[in-house]
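The values are calculated or read from the model by the stated rules, or taken from the named source; none is laboratory data. Treat the numbers as computed from the prediction; the structure is a model and nothing was measured. Note that we place each Cβ from the backbone using ideal geometry, even for glycine, and neighbour counts take in every protein chain shown. The area values use the complete protein model at the heavy-atom level, side chains included, leaving out ligands, DNA and RNA. Shrake-Rupley method; radii C 1.70, N 1.55, O 1.52, S 1.80 Å.
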Amino acid sequence: MKKDTYILGIETSCDETAASIVKNGTEIISNIVASQITSQKRFGGVVPEVASRHHVEQITIVIDEALTEAGLQPKDLDAVAVTEGPGLVGALLIGINAAKAFAFANGLPIIGVHHIAGHIYANQLMGRMEFPLLALIVSGGHTELILMDEHGSFNLIGETRDDAAGEAYDKVARVLGLPYPGGPGIDKLAASSDGEIEFPRAWLEKDSYDFSFSGLKSSVINYKHNLEQRGEKVNPEHVASGFQSSIIDVLTTKSVRAAKEFAVKQVIAAGGVAANNGLRNSLEKEFKKLDIPFNVPPISLCTDNAAMIAAAGTSMFDAGVRGTLAMNGKPGMELVSWNK
């Protein structure tokens, strides 16, 4: 009988300090997240130096809590998986150095995980991944369509050319006077709206799977400024609804077209913006029509967490991927396949 695999995951790429232990890449044994949202709200976004200081304060605490909640000792673990990039370099280094120290002290191998691979593998914590599959990544810094033919195989077919969806949400939310992060506030306003403003859709070239949301963001800002200059009142609900409809329309339409073209067996969504109820409902509705299985993690696994890093790390561990104690933070790390 195959021995169970226990991986400790560590995630500190932005403003969550997280540690988790995952069994066999599919079962969460513990998942601890220390969020900095309350602290970072004061600045309207993430301040890298503040994030790093919080990580220093929390990292050993969350690792200890993950072990305690799981009822395991370091000797019970098979490896340590940590986010190597992309992310804020100072924040990444806190998690990486903690992971290296823990791995060295306990004689464990260390595995560097790409943050987006982690988001993708959050879906494996909810059920089996069926290949070929299409992954729609929507987060603060990434909006991408990735085709996977097998575990650890990533073929980028579309990406953002400017603002990612999450960045556009945060910038528009700031203009509307909503707190950071902007996604939940806009989603809530849109859901309660009785009308909406029509904003443009950036489809780009006919066959392109790339995304562009900078123009949409500018359109919203210009609309608001023009009303204010005329002394007219802005309806935040209508603006939020129109803005969100534009983003959802583009994301859904391109995902559906890609799923058809590449004849995928499954579509998954991942990343912080995948927590958006409007987007989740739209994707679920459209893929149900096509009879293509659609999966998206619960909201707690869409935002940054260490369980997703441990899940991806398990697949890498099984494929024989190992890192070294020379590992460094890679803020611009590219997503590459580990099964070639």
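Taking the condition assigned to a loop (DSSP other than H, G, I, E, B), closer than 22 Å to F287 by Cα and open to solvent by 20 Å² or more (accessible area, probe 1.4 Å), does K233 pass?
No.
Being at pLDDT 95 or above, open to solvent by 70 Å² or more (accessible area, probe 1.4 Å) and either touching a Pro at 6+ places or on another chain (Cβ under 8 Å) or not in a loop (DSSP other than H, G, I, E, B) (or both) is true for just one of K254, K285. Which residue is that?
Criteria check complete, one pass: K285.
Scan N305, N295 and give me the residue that is of a type outside the set (S, T, Y), at pLDDT 95 or above and open to solvent by 10 Å² or more (accessible area, probe 1.4 Å).
Going through N305, N295 in turn, the sole match is N295.
Being open to solvent by 40 Å² or more (accessible area, probe 1.4 Å) and touching a Ser or Thr at 6+ places or on another chain (Cβ under 6 Å) is the filter here, so list the residues in segment 150-188 that pass it.
H151, R161, D162
Which numbered condition trips up S35, out of (1) open to solvent by 60 Å² or more (accessible area, probe 1.4 Å); (2) polar (S, T, N, Q); (3) modelled with pLDDT of 95 or more?
Looking at each condition in turn, S35 falls short on (3).
What are the pairs, 6+ residues apart or on separate chains, where a residue within segment 166-183 that is within 12 Å of F243 (Cα to Cα) has its Cβ under 8 Å from a residue that is of a type in the set (D, E) and open to solvent by 20 Å² or more (accessible area, probe 1.4 Å)?
Cβ pairs passing all conditions: G183/D170.
Tell me which residues, restricted to segment 203-218, are surrounded by fewer than 18 Cβ atoms within 10 Å (Cβ to Cβ) and either of a type in the set (A, V, I, L, M, F, W, C) or assigned to a helix (DSSP H, G or I) (or both).
Matches in segment 203-218: W203, L204, S214, G215, S218.
If S245 satisfies all but one of (1) touching a residue at least 12 places away in the same chain (Cβ under 8 Å); (2) in contact with a strand residue (DSSP E or B) (Cβ under 8 Å, 6 or more places away or on another chain), what's the number of the condition it fails?
(2)
What are the residues in segment 79-135 that are of a type in the set (D, E, K, R) and within 15 Å of A18 (Cα to Cα), if any?
Hit for segment 79-135 is E84, nothing else.
Just name the residue that is farthest from A101 (Cα to Cα) out of those in segment 312-322 that are out of contact with any His (no Cβ under 9 Å at 6 or more places or on another chain) and open to solvent by 30 Å² or more (accessible area, probe 1.4 Å).
Across segment 312-322, the extreme among qualifying residues is G320.
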